[in-house]
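As structure tokens, the structure follows; a few thoughts come after it.
Every number in this text was worked out from the coordinates using simple rules, so none of it is lab data. Values in this document were obtained by computation on a predicted structure and should not be read as measured data. We place every Cβ from the backbone using ideal geometry, glycine too, and count neighbours over all the protein chains shown.
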Amino acid sequence: MKGHLKNLLNIAVVFSLSMALGFVTQNKIVINGIILVFIIHWILYIPANIFKTEKFYDLSGSLSYISVISYILYSKTQSFESGLGEVIISLAIIIWSARLGTFLFLRIKKAGEDKRFREYKKSWSKFLVAWTTSGMWVTICSACAMTAIASENIIELNTIFFIGLFMFVFGFSIEIIADYQKTKFRSVASNKDKYISSGLWSKSRHPNYVGEIILWLGISVMSFSNLEGLQYITLISPFFTYWLLVYISGVSILEKSGQEKWGHLKDYQDYIKKTPKLL
């Protein structure tokens, strides 16, 4: 019982922090968008918990990104004048989320499960924490974009905007190439249980995460010119992405797993020494 109460408290904290970020923007469209994100996650959590499956976890994140950005862009066009900048940022996030969500869904479908969720699925409240935290991930990562799109002002297509667009395209390209290289490597039977150290993976141990951090930094740069006052707080997006990927859900878990699998191999230790985690 204490465990459930603790998890429910964590859920309340996560939701409250996300809503607080929404209230900081002082934009009703953004606030409604954040609520929509959590509603989608909580609705999809129900069948996931009933069938004890995490297979649709990543798709729920993608669906939330696509839904909230579409809602905010539509609401902007209904309330204020909008321009090409809003459309470009919206399409960038929608295309990225659709690609990543599909990629992760197919990967977990092939693998059969995501080992990270083994313990979470044993408790309905702990599993709900994971889904609610995903809602916070969508909220914080897209906060600056949501705010810029929903603003009364039109996003200017200035030098700063195009620098951000270049960063997004560059980061997105790195992520796609890194995922493709790793998928192709794993498709070779002789590479089973081996680590990849070729292509972009010879330059970084986690190039896919490098790409994701850069692309979200690009989204923030594109959004920058249309923010004002306390709305600049939403620029925590790329820093949150870095913190999440490096210390919580990505790099730290994979580094630990890598040491457990290949830590006894000299070649792997040499790879670790000469290849940076990120850049």
Revision key, fill the gap. Counted residues in the range 250-274 being surrounded by 15 or more Cβ atoms within 10 Å (Cβ to Cβ) and outside any helix (DSSP H, G or I) come to 1
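Rundown of residues vs (1) touching a residue at least 12 places away in the same chain (Cβ under 8 Å); (2) more than 20 Å from ILE94 (Cα to Cα), yes/no style:
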site	(1), (2)
LYS192	no, yes
GLY199	yes, yes
SER204	yes, yes
ASN208	yes, no
LEU215	yes, no
LYS261	yes, yes
Review point. For GLU152, all conditions in the list (1) closer than 30 Å to PHE117 by Cα; (2) part of a loop (DSSP other than H, G, I, E, B) hold save one; what is the number of the exception?
Key: (1)
Practice item. Looking only at the range 81-106, count how many residues are surrounded by fewer than 19 Cβ atoms within 10 Å (Cβ to Cβ) and under 15 Å from the mean Cα position of the chain (by Cα). Key: 8
**Study point:** Filtered residues of the range 171-192 (kept if under 19 Å from ILE214 (Cα atoms) and either surrounded by fewer than 14 Cβ atoms within 10 Å (Cβ to Cβ) or among the acidic types (Asp, Glu) (or both))
**Key:** SER173, GLU175, ASP179
Point to revise | Residue that is more than 14 Å from the chain's Cα centre (by Cα), in a helix (DSSP H, G or I) and under 25 Å from TYR242 (Cα atoms), where the choices are LYS126, LYS109 | key: LYS126
Check your understanding: Among all residue pairs at least 6 apart or on different chains, which show Cβ distances below 9 Å where the first residue, located in the range 82-111, is within 14 Å of ILE154 (Cα to Cα) and the second is among the basic types (Lys, Arg)?
Key -> SER82/LYS76; GLU86/LYS76
Review point. Out of all the residues in the range 22-34, which are buried (at least 22 other Cβ atoms within 10 Å of the Cβ) and within 24 Å of VAL129 (Cα to Cα)?
Key: GLY22, VAL30, GLY33, ILE34
Practice item. Test LEU215 against the stated conditions and say whether it is surrounded by 13 or more Cβ atoms within 10 Å (Cβ to Cβ), of a type outside the set (D, E, K, R) and not in a helix (DSSP H, G or I). Key: no
Check your understanding: Within the bounds of the range 63-80, is there any residue that is surrounded by fewer than 21 Cβ atoms within 10 Å (Cβ to Cβ), within 23 Å of ALA178 (Cβ to Cβ) and in contact with a helix residue (DSSP H, G or I) (Cβ under 9 Å, 6 or more places away or on another chain)?
Key -> yes
Review point. Just checking, which of TYR232, TYR242 is surrounded by fewer than 16 Cβ atoms within 10 Å (Cβ to Cβ), within 21 Å of the chain's Cα centre (by Cα) and without any contact (Cβ under 8 Å) to a residue 60 or more places away in the chain?
Key: TYR232
